[in-house]
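Colleague: Take a look at this one; I'll ask things after.
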Amino acid sequence: MQKPRFAALALSCALAATSASASAQGTVVMPRVVTQVTPKQPRHVTPRDADVVLAVALDVTGAVIEVSVIQSGGADFDVAAMDAVRQWTFTPALRDGQPFAAKIRVPVHFVAAPPPPPDGSVPSPPGAPASPSASAAPTTAPPPVTPGAQGVAAAPVAPTPAVPRPSATPAAPALDTPPAGTPPGKSPGETPAAAAKPPPAPIDVSAAGRRPPPTRGASDFHVDIGALGLVPVQNAAKMLQLAPSIFLSNDGGEGHAERVYLRGFDAREGQDIEFTVGGVPVNESGNLHGAGFANLHFVIPELVLSLRVVEGPFDPRQGNYAVAGSADYELGLAKRGVTLKYTYGTFNTHRALALWGPASESVHTFGGAQLQTSDGYGQNRGSKSGAAMGQYEGRLGETGSYRLLATAFASDYKSAGLLRAADLAAGQKGFYDTYDFGQGGSSSRFSVAADIESRLGDTTVYQQVFVVQTGMRLRENFTGFLLDTQTAIQEPHGQRGDLLDLSVNSTTFGARGHATLRGEILEQKQELEVGYYARGDRAFAERSRVGAATDAPYKTDARYDSTLGDIGLYADANLRFTRWLSVRGGVRADLLTYDVLDQCAVQDVSRPSESHPPGDASCLDQQRFGVHREPYQRTTTTGLRAMPRGSIILGPFRGVTFSLSAGTGVRSVDPKFVTQDASAQFASVDAYEGGVAFTHDFGPLKLVARSILFGTHVDRDLIFSETEGRNVIGGGTTRVGWIGQARADGEFFDTNAAITLTRSAYDDTGLLVPYVPDVVLRWDGALHHELPFELAGRKPRGTAAFGLSYIGKRALPYGQRSDTIFTFDAGVTVGYRNFDLGVSASNLFDTAYRQSEYNFASVWKSQGAPTLVPARNFAAGAPREVMFTLSANFGGEPQ
Amino acid sequence: MKRLALFFALVSAAVAGCVGTTGGELTSFDAYAAGPADARPGEPYTFETSRGYTVVLSRATLHVGAVYLNRSRPSSVSADTSCQLAGIYVAEVTSGLDVDVLSPALQPFPEPGFATTEHARTAEVWLFGNGDINEVNDDTAILDIAGTATKDGQTIPFEGRVTISDNRVVPPPSPAAPGAHPICKQRIVTPIPVDLDVEAGKDLILRVDPRGFFRNVDFGALAQIADDPPLYRFEDDSSDQPSTTLYSGLRASVGTYTLTWEATQ
């Protein structure tokens, strides 16, 4: 083995890879040769020069799993090259620090040896030191010199990394990577001095993995979970907090979707953020709780590789609900092998988790299942849930891949709802109490999806199909005994209770696809992508009111059978005018269709029939003067909107990139608000921002920092109504703010911090929009290292992680301000060989905080007369919870 | 960690102070009820009625269950069967009080009220015994009165006790509208027109004018229940003109109840 020579070249390749990685904003580190075997000149073949180019597939550990010939140098030389290269070992390819299976190009250059010297000594390979002790191929002895023989060991060239496609979204566009085959420090055209001939022209073989869409500017956050996965989180939704500006609360219990606040928007449970998991939509159209409802609890947190959060409607790929932005979860399992994990903790919480990912497969091939149960904190908060996810990624030829994804989820939970602050102050209720033990719900989700990506010449095509079946039941009571109004046709009654029992069942099916054409103009790489999105939803939703005394429904509020469609198309260009000036953007148009059958269209009638009195029936079959009509009403309508979006990227200049972005987004209305013969109305959002990002690698330390100013205008906002206890369409609003974010990722630590300041106000009065936080701070950090002692010859490993949240006093109606929220979560683990033992605490300081606060009228019969004036109601945040976790991993990387 | 939390709190407070308000304010207030301002403490209240009676009221106690202010003015109350008005309530006093209607002194409600600083256009006085206002049977004495009425030299001593219970149920107009007259509508005096700016630092005063109870009462039609001494009684139902008229006066949204928002300290 020619260690000195190849070591130099290997180091050069490593530097090239690192340089390319830094230039590509630290995204990809190509494999490096660790050990190699020198290919032998084929026997029984006249020695000659030959070039063989091999495609070598590596698994996530860097082991060679497949070798094939790209360019033949002759069958015998092909075999000789393949036999040798199969014995080589590499470091794995890394994308943002995570290993992935890759395919690289290895040129092998056979050089016909010069005739033996007349003195009979062994000739050195070309370029090798003259000293016999430094002869080539240290793992194999030089062939004996026989009269007339001219062949000697071939002089292999160190593997040249294939041209990587940027595989993550950097803060600035990836710089041009040197054409494959160009050694580091060399300009194209120069040749390695060690080779007698220049290596063959590279064949552009892409590394396995898919190229993400180009960045849209400073607010395009590609969050690689990495070591920050050590920070304790209760569910996958909490991972959103790794992106700036996001605050989560949950009024509805463990199984209920989180309420998301982003950049001054109250996105409720998803109405203003487009959520996708592996590209499969999560937002539910036709959900009576709110169009766009998105429950992320089906995602197993350990199977999340990264998040892409785009804060603002700046990408033509973003569709319906992307008003405040979008979030896409990329699934994968970095820790290969089989992992078993069991957690037990406070409030009788149990969690069992099994994960598997064959070491020889891509990180995108995995399976996982979890079961979870808890009594919950305080009154009426118990829950049970189960989730399973499985994905397989396969290769299609040299440049294509396909994925098959299946998910399943089911949960059942109780909920405490909200408490009146006055009742807490009067000592009538405890902080973690509930008024109505009937609150809670269940949910389920089953989905399958398949996608293919393939490169055909200069065009990459992508196609995905998906089917999702969801079911939800939600019982919640925010107002107590307030809303059961007496109508003339009803028998006299008092307030029977406001417990709402909502059920939704929906099926979503759809497809998306795009074609990306790449070319070169002005000596710069250019891209044009056109794509489509098609989605159909069939949803059946019903809401009734349940009597407090009888637990039986006494009134049907609503019953809808909806068929909804969303067909969108977009064109997106990624134009580079110079190495430092890019313009990205295009236009998207969506057609939304509604076919809504209101099956309970008549709930009251004046002058009812005396011979056929309606009584207490909910869905009536008569109108004024008792004239018969059917109880249902169908409404069909459509809406069409075009949304231009674009970004200008300047840089990077020594790691600094500037960006300007603007875009339009829309939110479709709830089906219950559509009107026959009137075009379906949208809430339209205009967003703009300017930002600067800095990215640099200081050796093993990668540093990213951003500063962003943003503004958003909504023409018809949805605002929580204190009288109706839900969001209602309000007037126009404007949000302006600033984000500061920084992440430092080193060899043994990773920390990410972000602060967002926002002002949200009504356009007509200038008064603040209530409920949204104006200060959001989040700080996560993790340490991971071997411990400084040995056990039986091995060092244990240790990790420590924390997550800190600070939410400033939120504006509430009537000039009020909420309490602040300050929570600190932390965890430590100790690992030895295949086992890890950890303890984590959420809300370590046991702060009694109100995770959400509202002002609305509610009557819980805590006083003689009903309380009709809007007053403070709140949901208690979780107290300190301590969890112990034991995990074992087998079949992955050696520990 | 406490210092860190304090630092963030200071930053947040600084930011919050710069970024505005949602408008309005929440406030608690004291609430009072009283008789007419021209009444004399401890003395009977004398007045003339439209029917020519001189009434000397020696006892008048009104039970008020709750008082509310609403920022809306309802367009049609008669057609509304709901106990509560549409629109947003801006002030409430939910503790009950027995008001000596003959005293001009401010009598405090036992618990403070709660309000949002907005403009109120409608007031409500709820006359019930602080149970469930929808419960038909309620034996609470809403009005307890005694006195004399004199006309043409004839003096009629009277007393009366008014409840709003099953004795006040209004039959439905038709079998198709059984809920047209819920009992709560009998107990809620509304809409009392007001024009009040609810402000922090001030209090709510409800003044009850007993003259409104007797505005059109024909005392001569009262039933005599005793001879020696003579005593006449208002029936606790709508069986005669005086009792019906008294009950109407008790529930009149104009002329009996006035509300002001003023500083009392």
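The values are calculated or read from the model by the stated rules, or taken from the named source; none is laboratory data. The shown structure was predicted, so the numbers you read here are calculated from the model rather than taken from an experiment. Ideal geometry is used to build each Cβ from the backbone, glycine not excepted, and the neighbour counts take in all protein chains shown.
Colleague: Taking strands (runs of 3 or more DSSP E) that do not extend beyond the range A:366-418, which have at least 1 residues that are of a type in the set (Lys, Arg)?
Modeller: A:383-396, A:400-414
Colleague: Any residue in the range A:761-772 that is on the phi < 0 side of the Ramachandran plot sitting within a Cβ distance under 7 Å of a residue that is among the hydroxyl-bearing types (Ser, Thr, Tyr) and in a loop (DSSP other than H, G, I, E, B)? List the pairs, counting only those 6 or more apart or interchain.
Modeller: Matching pairs, first to second residue: A:LEU767/B:THR21; A:LEU767/B:THR22; A:LEU768/B:THR21; A:LEU768/B:THR22; A:PRO770/B:THR22.
Colleague: Taking A:THR734, is it among the β-branched types (Val, Ile, Thr), touching a strand residue (DSSP E or B) at 6+ places or on another chain (Cβ under 8 Å), more than 10 Å from every other protein chain (Cβ to nearest Cβ) and not in a loop (DSSP other than H, G, I, E, B)?
Modeller: Yes: the conditions hold for A:THR734.
Colleague: Identify, from the list B:PRO157, B:PRO182, B:PRO175, the residue that is assigned to a loop (DSSP other than H, G, I, E, B) and surrounded by 17 or more Cβ atoms within 10 Å (Cβ to Cβ).
Modeller: B:PRO182
Colleague: Can you say whether A:ARG743 is outside any loop (DSSP other than H, G, I, E, B), over 30 Å from A:TYR832 (Cα atoms) and in contact (Cβ under 8 Å) with a residue 40 or more places away in the chain, as far as the supplied structure shows?
Modeller: no
Colleague: Do you know which of the residues in the range A:207-264 that are under 18 Å from A:THR823 (Cβ atoms) and of a type in the set (Val, Ile, Thr) is surrounded by the most Cβ atoms within 10 Å (Cβ to Cβ)?
Modeller: A:ILE246
Colleague: Condition first: surrounded by 16 or more Cβ atoms within 10 Å (Cβ to Cβ), β-branched (Val, Ile, Thr) and in a strand (DSSP E or B). Now tell me which residues in the range B:197-227 satisfy that.
Modeller: Correct list: B:ILE205, B:VAL208.
Colleague: Enumerate the strands (runs of 3 or more DSSP E) found wholly within the range B:23-98, keeping only those where 3 or more residues are among the aliphatic types (A, V, I, L, M), at pLDDT 95 or above and touching a helix residue (DSSP H, G or I) at 6+ places or on another chain (Cβ under 9 Å). Let's see the steps before the verdict.
Modeller: Details: elements: B:26-29, B:31-34, B:45-48, B:54-64, B:66-70, B:89-93.
Because the criterion is at least 3 residues that are among the aliphatic types (A, V, I, L, M), at pLDDT 95 or above and touching a helix residue (DSSP H, G or I) at 6+ places or on another chain (Cβ under 9 Å), the strands (runs of 3 or more DSSP E) in the range B:23-98 that meet it are B:54-64.
Colleague: Would you kindly identify the strands (runs of 3 or more DSSP E) lying entirely within the range A:839-895 that contain at least 2 residues that are under 23 Å from B:SER82 (Cβ atoms) and in contact with a helix residue (DSSP H, G or I) (Cβ under 9 Å, 6 or more places away or on another chain)?
Modeller: Values: elements: A:850-856, A:871-876, A:881-890.
Strands (runs of 3 or more DSSP E) meeting the threshold: A:871-876.
Colleague: Another question, then. Could you grab me the full set of residues in the range A:51-108 that are in a loop (DSSP other than H, G, I, E, B), surrounded by fewer than 18 Cβ atoms within 10 Å (Cβ to Cβ) and among the small types (Gly, Ala, Ser)? Give the derivation first.
Modeller: Taking the range A:51-108 and keeping what is in a loop (DSSP other than H, G, I, E, B), we get A:59-63, A:72-74, A:86-88, A:91-92, A:96-97, A:101.
Among the residues that remain, those that are also surrounded by fewer than 18 Cβ atoms within 10 Å (Cβ to Cβ) are: A:63, A:72, A:74, A:86-87, A:97.
If the condition is that a residue be in a loop (DSSP other than H, G, I, E, B), surrounded by fewer than 18 Cβ atoms within 10 Å (Cβ to Cβ) and among the small types (Gly, Ala, Ser), then A:ALA63, A:SER72, A:GLY74, A:GLY97 are the ones that fit.
Colleague: Can I ask one more? Identify all residues within the range A:420-472 that are within 25 Å of A:VAL546 (Cβ to Cβ), surrounded by fewer than 18 Cβ atoms within 10 Å (Cβ to Cβ) and of a type in the set (D, E, K, R); write none if there are none.
Modeller: Listed by number, the list holds a single entry, A:ASP433.
Colleague: Follow-up. Can you pull out the residues in the range A:631-669 that are touching a Phe, Trp or Tyr at 6+ places or on another chain (Cβ under 7 Å), under 30 Å from A:VAL704 (Cα atoms) and assigned to a strand (DSSP E or B)?
Modeller: Result: A:ARG645, A:SER647, A:LEU650, A:GLY651, A:PHE653, A:VAL656, A:SER661, A:ALA662, A:GLY663.
Colleague: Looking at the range A:9-27, can you tell me whether even one residue there is modelled with pLDDT under 80, within 21 Å of A:GLU398 (Cα to Cα), crowded, with 18+ Cβ neighbours inside 10 Å and out of contact with any Phe, Trp or Tyr (no Cβ under 7 Å at 6 or more places or on another chain)? Lay out the reasoning, then the answer.
Modeller: Residues of the range A:9-27 that are modelled with pLDDT under 80, as a first pass: A:9-27.
Then keep just the ones that are within 21 Å of A:GLU398 (Cα to Cα); that gives none.
No, every residue in the range A:9-27 fails to be modelled with pLDDT under 80, within 21 Å of A:GLU398 (Cα to Cα), crowded, with 18+ Cβ neighbours inside 10 Å and out of contact with any Phe, Trp or Tyr (no Cβ under 7 Å at 6 or more places or on another chain).
To keep it simple, each residue is scored yes or no on (1) within 14 Å of another protein chain (Cβ to nearest Cβ); (2) surrounded by fewer than 21 Cβ atoms within 10 Å (Cβ to Cβ); (3) outside any loop (DSSP other than H, G, I, E, B).
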position: A:ASP764; (1), (2), (3): yes, yes, no
position: A:PRO770; (1), (2), (3): yes, no, no
position: A:PRO773; (1), (2), (3): yes, no, no
position: A:LEU777; (1), (2), (3): yes, no, yes
position: A:LEU783; (1), (2), (3): no, yes, yes
position: A:PHE789; (1), (2), (3): no, yes, no
position: A:ALA801; (1), (2), (3): no, no, yes
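Colleague: Which residues, taken from the range A:554-569, are of a type in the set (Asp, Glu) and out of contact with any Lys or Arg (no Cβ under 6 Å at 6 or more places or on another chain)?
Modeller: Listed by number, the list holds a single entry, A:ASP561.
Colleague: Another question about this same structure. Filter the range A:578-627 down to residues that are basic (Lys, Arg) and away from chain B (no Cβ under 14 Å) and give me whichever is farthest from the chain's Cα centre (by Cα).
Modeller: Step one: list which residues in the range A:578-627 are basic (Lys, Arg), which gives A:579, A:584, A:588, A:607, A:624.
After this cut, where a residue has to be away from chain B (no Cβ under 14 Å) as well, the list is A:579, A:584, A:588.
On the way: A:ARG579: 29, A:ARG584: 22, A:ARG588: 22 Å.
The extreme case among them is A:ARG579.
Colleague: Can you find a residue that is of a type in the set (D, E, K, R) and either touching a Lys or Arg at 6+ places or on another chain (Cβ under 6 Å) or away from chain A (no Cβ under 11 Å) (or both) anywhere in the range B:86-96?
Modeller: Scanning the range B:86-96 turns up no residue that is of a type in the set (D, E, K, R) and either touching a Lys or Arg at 6+ places or on another chain (Cβ under 6 Å) or away from chain A (no Cβ under 11 Å) (or both).
Colleague: Also, quick follow-up: Looking at this structure, is B:ASP80 more than 8 Å from chain A (Cβ to nearest Cβ), among the acidic types (Asp, Glu) and either crowded, with 22+ Cβ neighbours inside 10 Å or touching a residue at least 40 places away in the same chain (Cβ under 8 Å) (or both)?
Modeller: No.
Colleague: While we're looking at this one, here's another question. List the number of the failed condition for B:SER243; all other conditions in (1) in a helix (DSSP H, G or I); (2) in contact with a helix residue (DSSP H, G or I) (Cβ under 6 Å, 6 or more places away or on another chain) hold.
Modeller: Failed condition: (2).
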